[in-house]
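Below: the structure, in structure tokens.
What follows is calculated from the coordinates using simple rules that are stated; it is not laboratory data. Values in this document were obtained by computation on a predicted structure and should not be read as measured data.
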Amino acid sequence: MDGATGFAMTALVNIVISLACIAFCWWMLQNIRLDVFMRESQGAKGKALLVVLSIVLGHGLAVFIIDYTSWSRLLPHLVG
């Protein structure tokens, strides 16, 4: 694999990880009772809040996973 293909594959894997983490956070946030915090939790504002929270939390989780895997790939160079 040349440099451009490897870079493209890494980008594709990072996109998939990010989308999977956002979907996972959306799934997890479905169990939170927003009616405690909002008057109309089932309305458009409640759903928008769930989307924004899913994106923010999913992005943070994805960044952690991507960083962890990239750092793990660098560990063999430590011994070298």
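For the chain, modelled as a GNM whose springs connect Cα atoms under 10 angstrom apart, the maximal fluctuation among 13, 36, 52 occurs at 36. On full extension, the segment bounded by residue 45 and residue 19 gains 7.1 nm, given 0.36 nm per residue less the C-alpha separation.
A straight chain from residue 36 to residue 4 at 0.36 nm per residue would run longer than the Cα-Cα distance by 6.5 nm.
Principal-axis analysis of the Cα atoms of the chain puts helix 3-29 at an angle of about 30° to the longest axis. For the chain, averaging the sequence separation of C-alpha pairs within contact (under 8 Å, six or more residues apart) and dividing by the residue count gives a relative contact order of 38 percent.
Along its first, second and third principal axes, ordered by size, the chain spans 59, 26, 13 Å in Cα coordinates. Distance from the alpha carbon centroid of the stretch 9-50 to that of the stretch 58-80 works out to 24 angstrom. Once the Cα atoms are used to define both axes, helix 44-74 deviates from the longest principal axis of the chain by about 20 degrees.
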